Amino acid sequence: MSDLRIRAATPDDLDAALAFWKLAAEGTSISDDRAGVERLVARDPESLLLAERDGELVGTVIAGFDGWRCHLYRLAVHPDMRRQGVGSALLAAAEERFVALGGRRGDAMVLDRNERAQHAWRAGGYAPEPQWTRWVKHLTD
């Protein structure tokens, strides 16, 4: 994967990332809009990591650190590039970021129905914690 480049997204990359998620990510989030991703990058400019090959976007991960916890979101790899080390390279970059920031443990939200993603996360050394249930409350309509 020596030709793979991983870098932090800039504001100029946000539309491409949103379009990429429609192609490569499973499910949608209420934050999958320009304003939501702009807030993310404005607050934490190094959090949205992009993987590129030959100038083309082939993968993403959000590596958010709030000073307490390390959260991973939107690990997505182009369907034609899966099982070629892109996801592993993105996770390694995210984990390096977390360690540099003082993080101790990364966590990821993975859809129960997304078996492909569960396999990828397990391959990266992650495991579900069955004692936890995610509780949510939508703050806006």
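Of all the accessible heavy-atom surface of segment 6-141, with the other protein chains kept in place and a 1.4 Å probe, what percent is carbon and sulfur?
The computed percentage sits at 51.
Across bins of 5 angstrom width beginning at 0, how are the C-alpha pair distances of the chain distributed, in whole percent?
With a bin width of 5 Å, the distribution comes to 2, 9, 20, 24, 22, 16, 6, 1, 0.
In Å², what does the accessible area per residue of the chain work out to with a 1.4 Å probe?
Accessible area per residue: 68 Å².
Counting Lys +1, Arg +1, Asp -1, Glu -1, what net charge surrounds Met109 among other residues with beta carbon under 14 Å of its beta carbon?
Taking every other residue near Met109 into account, the sum is -1.
Using only the Cα atoms of segment 27-106, build the gyration tensor, take square roots of its eigenvalues as a ≥ b ≥ c, and label the shape rounded, prolate or oblate: rounded if a/c is under 1.5, else prolate if a/b is larger than b/c, else oblate.
Note, shape of segment 27-106 comes out oblate.
The values are calculated or read from the model by the stated rules, or taken from the named source; none is laboratory data. Since the model is a prediction, treat every value here as computed from it, not as a measurement. When we count neighbours, we look across all protein chains shown, and the Cβ atoms used for this are built from the backbone with ideal geometry, even at glycine. The area values use the complete protein model at the heavy-atom level, side chains included, leaving out ligands, DNA and RNA. Shrake-Rupley method; radii C 1.70, N 1.55, O 1.52, S 1.80 Å.
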